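Below is one structure, written out as structure tokens, with a few remarks after it.
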Amino acid sequence: METKAVVRNVPFSAQKGRLVADMVRGEPVERALDRLATSPRRAAVVIRKAIESAVANAEHNEGADIDELRVSRIFVDEARTWKRFQARARGRGNRILKRNCHISVVVSDE
């Protein structure tokens, strides 16, 4: 049985999110949450909440045993990019790209 949780429009780039997602892919849920709790990266907080949400969905909707769950799939996709401008010298402007991402977590007991 697989259960999913999705977090959309998270304000950091997908590349930074994938670095954290690679740490916990395939791990048991308990170990994944411990690793994310000690990680200094900003993305670890959001991914930890997504895993906790997927675990809560599995427990509530499917009646799964929390001790047997693993992070079977986790992927971080690009979301819409905010385009901003910053004033520069001589009346010019630089484009600032504020990248966002979507985080999808699937936990299963297999």
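Looking only at segment 41-69, how many residues end up being touching a strand residue (DSSP E or B) at 6+ places or on another chain (Cβ under 9 Å) and not hydroxyl-bearing (Ser, Thr, Tyr)?
The qualifying residues number 19.
Name the single residue that is surrounded by the fewest Cβ atoms within 10 Å (Cβ to Cβ) among those in segment 91-110 being among the small types (Gly, Ala, Ser) and farther than 27 Å from MET23 by Cα.
That would be GLY91.
Read-outs throughout are calculated quantities, based only on the coordinates presented, and are distinct from any laboratory measurement. Small disclaimer: the values here were computed from a predicted structure and weren't measured. FYI the Cβ positions are ideal-geometry reconstructions off the backbone, even for glycines, and counts take in every protein chain you see.
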